[in-house]
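**Q** I am attaching a structure below and will ask some questions about it afterwards.
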Amino acid sequence: LSALLCGGAIAACTTAPDTEPATVSEPPAETSIEQTKYSLAIGTVNSLVEAGNEQIAIDRLTQLLGDPGLSEEQFAEVLFKRAELRYGGGSDLEGAIADLKEIKTGHANSAVAADAASLLETAEAEYSTLTDMLASGEVSPMERFEILFRLGRHQEAADLMLAGALEPENEYLVDMYQIGYLCDGDELAGPVFSMTEPDGTARNVQFCELGK
């Protein structure tokens, strides 16, 4: 009987070859979670930069560098991104150079190593020029303030600004407000500076350390 049934339906009685179902390799769940956290963090930084909040973006990158879940490549990427911001709108040339040197010595095989080396050369050339200008003693108090601020010596710049009754351009006031040297509040004393944030918010600010 079984032979007759097989004769009528040969396909049904043909032994199929043993095959294993195709498998798709997926990254471990922990890796996916860390990548998502990293992507979200970088997205936040990019949004802050687009809104003109470079100093806050730098702070966020500094926090991210303390994340033990970062891969070596991610760490180098974050370090380079912070260096770029410090060199640019963050006005911290010395901090940028320190970051770039760390990439050169500790992450020489990373994808950002070549770009970091190029930026380091540019940053060191500017550093040499600015420090020579400071040493010459031939700069005005405002120029000295701007050089100190550009180098990343923000406390020195703030002290000079207060002692010399300087009134820097709005971009410096915004940076000093974001960093925490200038504040707004009724409990403050000292000179008042009018500034406008990147989003158009106008503020009257004073030195945070000078309370009534």
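The values are calculated or read from the model by the stated rules, or taken from the named source; none is laboratory data. All figures in this text were calculated on a predicted structure; none of them were measured in a lab. Cβ coordinates were reconstructed from backbone atoms using ideal geometry, including for glycine residues, and neighbour counts include every protein chain displayed. Protein only, heavy atoms only, side chains kept; ligands, DNA and RNA dropped before computing areas. Shrake-Rupley method; radii C 1.70, N 1.55, O 1.52, S 1.80 Å.
**Q** Would you call Thr196 in contact (Cβ under 8 Å) with a residue 12 or more places away in the chain and among the hydroxyl-bearing types (Ser, Thr, Tyr)?
**A** Working: in contact (Cβ under 8 Å) with a residue 12 or more places away in the chain: yes; among the hydroxyl-bearing types (Ser, Thr, Tyr): yes.
Yes: the conditions hold for Thr196.
**Q** While we're here: For region 73-92, check the following and say yes or no: at least one residue is in contact (Cβ under 8 Å) with a residue 24 or more places away in the chain, open to solvent by 30 Å² or more (accessible area, probe 1.4 Å) and of a type in the set (S, T, N, Q).
**A** no
**Q** Collect the residues in region 97-106 that are farther than 20 Å from Ala41 by Cα and either modelled with pLDDT under 95 or within 17 Å of the chain's Cα centre (by Cα) (or both), keeping them in residue-number order.
**A** Filtering region 97-106 for residues farther than 20 Å from Ala41 by Cα gives 97-98, 100-106.
Once the filter is applied, which keeps residues that are farther than 20 Å from Ala41 by Cα and either modelled with pLDDT under 95 or within 17 Å of the chain's Cα centre (by Cα) (or both), region 97-106 yields Ile97, Ala98, Leu100, Lys101, Glu102, Ile103.
**Q** Just the residues that are among the β-branched types (Val, Ile, Thr) and buried (at least 16 other Cβ atoms within 10 Å of the Cβ), please, taken from region 111-138. Outline the logic, then answer.
**A** Of the residues in region 111-138, the ones among the β-branched types (Val, Ile, Thr) are 112, 122, 129, 131.
If the condition is that a residue be among the β-branched types (Val, Ile, Thr) and buried (at least 16 other Cβ atoms within 10 Å of the Cβ), then Val112 is the only one that fits.
**Q** Restricting to region 99-121, name every residue that is farther than 19 Å from Gln74 by Cβ and without any contact (Cβ under 8 Å) to a residue 12 or more places away in the chain.
**A** Within region 99-121, Ser118, Glu121 meet the criteria.
**Q** Right, something else. Among (1) touching a helix residue (DSSP H, G or I) at 6+ places or on another chain (Cβ under 9 Å); (2) in contact (Cβ under 8 Å) with a residue 24 or more places away in the chain; (3) open to solvent by 30 Å² or more (accessible area, probe 1.4 Å); (4) more than 27 Å from Ala125 (Cα to Cα), there is one condition Glu187 misses while meeting the rest; what is its number?
**A** (1)
**Q** To continue, here is another question. Test Ser47 against the criterion of being open to solvent by 30 Å² or more (accessible area, probe 1.4 Å), within 30 Å of Glu197 (Cβ to Cβ) and hydroxyl-bearing (Ser, Thr, Tyr), and give yes or no.
**A** On the way: open to solvent by 30 Å² or more (accessible area, probe 1.4 Å): yes; within 30 Å of Glu197 (Cβ to Cβ): yes; hydroxyl-bearing (Ser, Thr, Tyr): yes.
Spelling it out, Ser47 is indeed open to solvent by 30 Å² or more (accessible area, probe 1.4 Å), within 30 Å of Glu197 (Cβ to Cβ) and hydroxyl-bearing (Ser, Thr, Tyr).
**Q** Still on this structure: Select the helices (runs of 4 or more DSSP H) contained entirely in region 86-178, then report the ones holding at least 2 residues which are among the small types (Gly, Ala, Ser). Step through it out loud before you land on a result.
**A** Values: elements: 93-106, 113-136, 141-151, 154-163.
Answer list for region 86-178: 93-106, 113-136, 154-163.
**Q** Still on this structure: Please enumerate the residues belonging to region 94-110 that are open to solvent by less than 80 Å² (accessible area, probe 1.4 Å) and out of contact with any Lys or Arg (no Cβ under 6 Å at 6 or more places or on another chain). Before the answer, list the steps.
**A** Narrowing region 94-110 to residues open to solvent by less than 80 Å² (accessible area, probe 1.4 Å): 94-100, 102-103, 106-108, 110.
If the condition is that a residue be open to solvent by less than 80 Å² (accessible area, probe 1.4 Å) and out of contact with any Lys or Arg (no Cβ under 6 Å at 6 or more places or on another chain), then Glu94, Ile97, Ala98, Leu100, Glu102, Ile103, Gly106, His107, Ala108, Ser110 are the ones that fit.
**Q** Another question about this same structure. For region 190-203, name all the residues that are assigned to a loop (DSSP other than H, G, I, E, B), more than 14 Å from Ile56 (Cα to Cα) and open to solvent by less than 40 Å² (accessible area, probe 1.4 Å).
**A** none
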